Amino acid sequence: MQLLFTLLQTLLDGIMLGGVYAVLAVGLSLVFGVMHIVNFAHAEFMMIGMFIGWLCWHYLGLDPMLGAFVALVVTFFFGMLVQRFLIRPILGAPQVAQIFLTVGLLFALENAALMIMGAEFRSVTTPYQTQSVILFASGPERLLVGMDKLYAFLMALASGAAVWLFLNKTRFGTAMRATSQDPMAAKLMGVNTNLMYAVAFGLGVGVTAFGGSVVLPYITASPAIGTSFAVLMFTVVVLGGLGSVTGAIIGGIAVGLIQSFSALVLPIQLQNLALFAVFILTLALRPEGLVARRRS
Amino acid sequence: MTRSHPLARLLLVATIAALAVVPLFLDPFGYALRILCLMLLFGALGQAWNIVGGLANQISLGHAAYFGIGAYSSTILFGSFGLTPILGAVVGAVLASIFALLLSIPTLRLKGHYFALATLAAGEMARIVANSWTSVTGGPVGISVPFRPEAGPWALQFETALPNYYLFFAAFLIVTLIFWRVKTSAFGYRLRAIKENEIAAEVVGVDTYRVKLQASVLSAALTAVLGTLYAQFQFFFDPDTIFGVATISVKMALIAILGGVGTIFGPWVGALVIIPLEELANSWLGNSLAGLSQFTYGVLLIVVILLNPRGLISLAETLRDRLSRRNGQ
Amino acid sequence: MTQKTKTTLLMTRRQALIAGSAAALAAPLYARSSFAQSNVINVGVIQPLSGANAQFGINSRNGIQLVADEINANGGIAALGGAQINLVISDATSNPTQAATVAQRMMSQDNVVAVLGAFASSLTLAISEVTERRRVPLLTMSFADQVTGRGFRNIFQVVSKASALGGATVTHTRDLARANGTEISRIAIMYEDTAYGTAQANGLRNSAAANGIEVVMDEAYPLGITDVSPLINQLRRTEAQVVFPVSYLNDSLLIIRNMRQQGITTPTVGGAAGYIIPDFRNGLGDLSENVLSISPAAYDQAPDYTDRFRDRFGYFMVHEAQEHAACMGVLASALEIAGEANPQAIREVLASTTFDQGWATVMSGGRIAFDETGLNIHAVPMMVQWRGDELVTVAPSEYAKAEAVWNA
Amino acid sequence: MAQDSLSPPLLQVDGLTGGYGALPVLHDLSLQVGTREFVAVIGANTAGKSTLLRAISGLLPKVSGRILFEGQDLTAMPAHEIAGLGIAHVPEGRHVFPDMSVEENLLMGGYARKDPAGAKRTLEHVYTLFPRLRERRQQAAGSMSGGEQQMVAVGRGLMLEPKLLILDEPSLGLAPLVVEEMHQRFLDIHRAGVTVLLVEQNVSLALHSAERAYVMSSGRIELEGAARALLHDDRIRRAYLGI
Amino acid sequence: MSALLEIRHVTRRFGGLVANSDVSFDVAPGEIVGLIGPNGAGKTTLFNALVGIYPPSEGEVIFNGQPIAGWKPHRIAKAGLTKTFQNVALFAESTVLDNVVTGGLVNRSLPEARALAARILDRVGLRAIADKRAGDLSFPERARVEVARALCTEPKLLLLDEVMAALTPIEMEEIITLVRGLRDEGMTFVVVEHHMKAVMKLCERLVVLNFGEKIADGTPEQITRNQKVLDAYLGAGFSTDAEAH
């Protein structure tokens, strides 16, 4: 009985966490999928989103779940500018140049945040942070989920769905997918591919910033926070298959589950060791990710 | 090299002579000497990375794993068994080679971004192991190289940094020489063929898998030896630093790339620019506003790549080509 | 160790000649900072001003700046003709290699008489390798056991060792519980796998063993953990009477909130760092009330001094600022006694004097004296407890400013 | 059949020179296509036929000379704006969007339409023309056979209701029966009033379908004439088989 | 005389697509065989299957008495079978000389490879541009470097994939002379070429592929009269029309 509860609780924790990873990584996947650029600075936009969420909470009294929308809009436009002036010039450059330009961007953004926001850890206080929903209880055993995680998970789900709908059900989104699959043909259809790239980058970093604000109730904002999520985001995206939205969601849940279940058999200290081993093996055996694209 | 211009050759000899003599006139404990040491160390690291990253275009972001293995191997063996770091370096090189071999099984067929990400993760795995395996590595607190002056030069420990400097200098020249030998040998031809067109290379008879493997192992072993030298110079390190993504892996690659990836003088130029640049940024801006120095560093990186994605040395090459053309070539 | 200093002196004639001539050549460059010519004493301050530890580095710098400004405003170092303290502040960027380079630079170019720093033990350990060889005193509040455990002669640590901090956490907790009628026999330890976390957990573990207390959970977790649920799930299944989390702010908040979510009311005793900064209170609000933590120093022990910090910077004097201020205070006193701005003269004074004047008194016991390893023998870890926006010392009893509230 | 000599041509190319790198593929090339004409361009591999088409639809960055469409100069216009003028280019190799469904592919074809509402009607028209696509409307285009993909590509071009339909090697790699079928559709399309510019390696088919043809070689126009006449021209046979 | 290369029922699939289907033919030592067929007929795929880039899904390839299907390309190259690339795949950043030398390393030391490469450059007429960066060359020059690099592996059998595309008639003539000369020294060739005039001139025998299948095998005269081939090339109907004319 206790074992069953442990397993179920672990499953639940893994899924909740994975949903959040998914929303953080969807944007990275989008950027890669459309532009075939690996953006090493991507996690910094999560940090920016967290700070925007925190500022909205601190000065406007907005809950981070609402501040997330402000973060989305602000970083969307910021991302478009970054794409226009930094990313577009290197779209055709060798991969080394792409890698190190985005690494430079990582340094610049992290330290710009340090200069603007200072080094303090910024945390929000909300009533639901300490509340939880008990899904099932039997004797001393309980199956529960924290409200902060639940809200973040639902927001993540909603934003994932919104991105999916945008890409699949709108004219503009369809054009963006077309650009990612065959930019030449898309041009011939009348698609302004440069605009698509800019919007894809803006949206990609915007969604990640949205995710940053959404996790604010249980992760503290600081300029260096991005770095600790960077490798994790890449793991999610690679597991799911670079460039696919559904892949990022499945990859996110997979990483969440690997982390939570590995804690049952390994010391928690080694949870990322397990994760990275899975990551490297996935790359080796299925470079297209766990969720293969339909293309033959 | 076959195309080297007499002026370039003169410059090369002058540089080496200057590097050999100048430290004698510097404070043997001093800051300038330390900066020169770090320049040579990172120049050599960039050069070691260049063998696999530059010649074969396998962009590794996990070389810190080899560096750390080298540093930990010699330090632990010296601390626990009194084994001279000279032999410790050999053990480290062997262990790093084994790690490179194991890592190559899943990664060597990967290309570009995928290879970079896989090696990044591998470097992180090494860090996690060093961090958790406290009984052997001392764990997150880090490890100090025991000071044993009685062991003499066999311990590679010196009162001043001058002998360290000459060790780094020798290492730098040796790694450069190895790189040059590799680049101009049949092996180098094969590596370049892989870099430029892997399928064509196979079809004209290059065993691409084997060649990449050899390059990885060589690069790993050299990096590990440099790890030992670093440990004997710095005397203290911890897992986060020695296996650092930004502090070691990315920096190694950056030095090779910024200078001009795959070129013999690329890492020289890279180290010559990056190490002093970091220092100047730190000493001028380090206290004016927290983060300003690192911010400047990042912005400079972006600017350099936007201006010239092929690296600084290509500027010199353009210049050289112009010169040689004028000389009636 | 004496062997080591001896060999240091064995600089060959040739080397000395060369070094001398090089110095002569370079002399104009140093003119602006040379203490011999102007009435200024350069003191090196190396702190992580960027990167993950930036907040603590900045707090530390603030503490040192406050003391230096006060000294200068009061006429400088009297014994040196009113020489002004000039802080040479540098960013260690949370990277030990950089920290060592910065130390080297300060000694070569700025002729600093001493170095203060550098919060994180990895940085301090790296700096100490340089200061030891250059024979310049290094005053620190880093508390990993290794800092004073290597036989170095030029390192001075104003706070207790990590193992002592960990040990005191257990004994104080046991005593507080006992006073409230509870006998502690089972505890849980969870700590981040950094130098700080591991060292302190070691102290907790050893002290528990020495006191016959069973450790029913002993779990390290990676820095930057995103979900502590597995830890708290595990805690729930143990019968621990007290939980000792050793962590920085983010994890502290995560742990406390997650415990509350799961309805776990096991008393929590923090391991300094994230538990004793204003952000802890800001992040948790009322949940922070009565949370206990160990602290290497407590600002309510010397309110006359620490209130000046609050007045200037707007928040209470966090422990790293207080301890670094003490370092600066000790150094100033040592300069007065030594009467010369010579690093080795200062070292001798530091090693042989009990400092009970000025900012040296803000440390526990009101004075500082270093033993032969460089450890402050008067340092006593404090148990503090959150009351509203403030921290109050509740143990050891001779320092307590209020009665502890048990079972918060 | 011949173009109306009074009205200006729909498409006029004058002195076009250009290529990809330093070396031009097209050399001072001129041709014109009249409104409602069906013009074929034939020629051996590497003659520069595809390059010519890419230049017209704006995919070739470096060109000199003039390309006029309804009197508007296209040479400096970005590709996505050219589509908006009513030029649908069905590229060589089909270039369908592989992960999209057939219907999504087709709807993408109407992306540049001025009247998005009319797309529904055109979609019906395309489905009538290619019933196979209606059957497979939800299938991912990348998973279809070559012939079906070609139908998608052509249908996608038609979705624009183009004034000019450019077809680049539509029979490449397709089975003979499919090729025949495809050309019947081209004739239908042309009969419905669309101007067609066809590049085709299947000389016979091209010349049977088109009204007028140009023969290209090494980036230049070698021959021009009525398709029927060229069909019996022995020079073509020689150019192709080297006999 | 036994065949140098025997292709037995080779089929190559990519997913559901069959690029080559049950192709069989032999190449005797010293032959120059033309492999022709319309675009998309599967000629390059067959070459790739032979040299091991995309090994055959089914069927056997016997080269010089050894079954080589499934070997890695470098091993096949070492055995004496290599090819040139249709869309030139040179080592663009390297010099012409270095490109060619790389080929020579398959069975020789570096100095030997250098010497051989120098001789080949002379022979192929590339000596003057030996130090140029391969990426800077014109298309016809690059095609020749392709040939030179392949020759430097000293193949017994060389597969030439459209090396004469975009060459002037004089340049074509040079290549034909070169290939003839090498054949006279004992080399064997299979040639894919679109330029029919050149093919007819160079090859003694032609194999025709269409839709991945072999549809004809014979002398150039036989092939040009073969109705299936004419249909494949010009479309059914063209030849009849022409005949009627």
Net charge of Cβ neighbours under 12 Å - reference A:Thr125; Lys, Arg +1; Asp, Glu -1: -1
Square roots of 5 times each gyration tensor eigenvalue, C-alpha, chain C, largest first, Å: 40, 21, 19
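When Cβ neighbours within 10 Å are restricted to other protein chains, what is their mean count per residue of peptide C:168-178? Working shown, then result.
Working: counts 0, 0, 0, 0, 0, 0, 0, 0, 0, 0, 0.
Mean inter-chain Cβ contacts per residue within 10 Å come to 0.
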q = 0.18 Å⁻¹: log10 I(q)/I(0) that the Debye formula gives for the range A:129-219, counting C-alpha atoms only: -0.83
Of A:Gln271, A:Gln131, A:Gln98, the one that fluctuates the most in a GNM where chain A has Cα springs shorter than 10 Å: A:Gln131
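Once you compute Rg and the Kirkwood Rh from C-alpha atoms, what is the Rg to Rh ratio for the range A:2-285?
Ratio of gyration radius to Kirkwood radius: 0.98.
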Of the DSSP H helices in chain C, those whose Cα atoms cover at least 20 Å axially and whose Kyte score averages 0.0 or more: C:13-30, C:162-179, C:319-338
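Two-decimal Rg/Rh of the range C:87-198 from alpha-carbon positions, Kirkwood Rh? If you can, show how the numbers build up before the last one.
Numbers: Rg = 17.8 Å, Rh = 15.7 Å.
Rg divided by Rh gives 1.13.
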Other protein chain Cβ atoms within 10 Å, averaged over every residue that makes up B:114-127: 6
Cβ-placed point charges (K, R +1; D, E -1), dipole of the protein assembly as shown about Cα centre in debye, nearest 20: 2360
Sequence-distant residues sharing a close amide H with C:Val246 (under 5 Å, placed H): C:Met190, C:Tyr191, C:Glu192
Sum of side-chain charges, C:Leu292 neighbourhood, beta-carbon under 15 Å (Lys, Arg +1; Asp, Glu -1): 0
Residue with peak Gaussian network fluctuation, chain D [Cα springs, cutoff 10 Å], from D:Gln150, D:Gln32, D:Gln139: D:Gln139
Cα-centred dipole magnitude for chain A, charges only on beta-carbon of K, R (+1) and D, E (-1), debye, nearest 20: 880
Solvent accessible area, Å² - B:His113, 1.4 Å probe, full protein context: 10
Excluding exposed DSSP-loop trypsin sites (Lys or Arg not before Pro) (at most 14 other C-beta within 10 Å), longest clean stretch of chain A: A:1-293
Cα Rg, Dmax, chain E, angstrom units: 18.1, 63
Choice from B:Ala96, B:Ala116, B:Ala186 with maximal GNM fluctuation in chain B (Cα, 10 Å cutoff): B:Ala186
Axial C-alpha extent at least 27 Å, average Kyte-Doolittle at least -0.5 - helices from chain E (DSSP): none
Distance in nm between pseudo-label sites at A:Phe172 and C:Thr182 (7 Å out along the Cβ direction from Cα): 5.7
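Of the heavy-atom accessible surface of the range A:2-285 (probe 1.4 angstrom), what whole percent is carbon and sulfur? Don't skip to the end; give the middle numbers.
Values: 6360 of 8710 Å².
That share works out to 73 percent.
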Interface residues in the range E:191-206 - accessible area drops by 10 Å² or more relative to the isolated chain, probe 1.4 Å: E:His194, E:Met196, E:Lys197, E:Met200
Gap separating the Cα centres of the range B:250-288 and the range B:153-169, nearest whole Å: 23
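What number comes out for the charge environment of C:Asn202, summing +1 per Lys or Arg and -1 per Asp or Glu over other residues with Cβ under 13 Å away?
Numbers: positive: C:Lys161, C:Arg205; negative: C:Asp145, C:Asp193, C:Asp218.
So the environment of C:Asn202 carries a net charge of -1.
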Pairs from E:Lys78/E:Lys201; B:Lys111/B:Lys212; D:Lys49/E:Lys228; E:Lys78/E:Lys214; A:Lys187/B:Lys111; A:Lys187/D:Lys163 whose Cα-Cα separation, in the structure shown, is over 23 Å: E:Lys78/E:Lys201; D:Lys49/E:Lys228; E:Lys78/E:Lys214; A:Lys187/B:Lys111
Relative intensity, log₁₀ I(q)/I(0), of the range B:256-308 from a Debye sum that treats every alpha carbon as a point, q = 0.20, 0.24, 0.25 Å⁻¹: -0.71, -0.89, -0.93
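From the mean inverse distance of alpha carbon pairs (Kirkwood) and the Cα radius of gyration, derive Rg over Rh for chain D. Let's see the in-between values first.
On the way: Rg = 17.3 Å, Rh = 18.1 Å.
A ratio of 0.95.
Compute the FRET efficiency between C:Glu289 and B:Ala170 as 1/(1 + (r/R0)^6), taking r as their Cβ-Cβ distance and R0 = 56 Å, and round to the nearest 0.05. Can you show the working numbers first?
Values: r = 63 Å, r/R0 = 1.12.
The formula returns an efficiency of 0.35 here.
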Separation of the E:Lys201 and D:Arg191 label points, Cα + 7 Å toward Cβ, nm: 4.6
Area of B:Trp180 that stays accessible when all protein chains are in place (1.4 Å probe, Å², to 10): 90
Per-selection Kirkwood Rh - the protein assembly as shown (Cα, Å, 1 d.p.): 36.1
Average beta-carbon neighbours from other chains, 10 Å sphere, peptide A:7-18: 2
Two-decimal log10 I(q)/I(0) for the range E:1-41, as the Debye equation yields it once each C-alpha is a single scatterer, q = 0.16, 0.19 Å⁻¹: -0.53, -0.70
Where the protein assembly as shown is the region considered: accessible area per residue in Å², 1.4 Å probe: 35
Eligible aspartates and glutamates near E:Lys156 by straight Cα distance, threshold 12 Å, same-chain separation 8 or greater: E:Glu31, E:Glu185
Förster radius 22 Å - calculated FRET efficiency between C:Ala210 and A:Glu141, Cβ distance, rounded to 0.05: 0.05
Accessible area of E:Lys228 in the full protein assembly, 1.4 Å probe (Å², nearest 10): 120
Coordinate range along principal axes, alpha carbons of the range D:154-243, Å, largest first: 41, 27, 23
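Over both sides of the A-D contact, add up the buried accessible area with a 1.4 Å probe and give it to the nearest 100 Å².
That pair hides around 2200 Å² of surface in total.
How large is the Kirkwood hydrodynamic radius of the range B:5-240, counting all unique pairs of alpha carbons, in Å?
Numbers: mean 1/r = 0.0534 Å⁻¹.
Averaging 1/r across every pair of different Cα atoms and inverting gives 18.7 Å.
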At R0 = 60 Å, FRET efficiency that the Cβ-Cβ distance of E:Thr177 and D:Glu180 yields, to 0.05: 0.90
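The values are calculated or read from the model by the stated rules, or taken from the named source; none is laboratory data. It should be emphasised that the depicted structure is a prediction, and the values quoted were computed from it without experimental measurement. Using ideal geometry, Cβ is built from the backbone for each residue, glycine included, and neighbour counts are taken over all protein chains shown. Note: accessible area is taken over every heavy atom of the protein model, side chains too, but ligands, DNA and RNA are not part of it. Shrake-Rupley method; radii C 1.70, N 1.55, O 1.52, S 1.80 Å.
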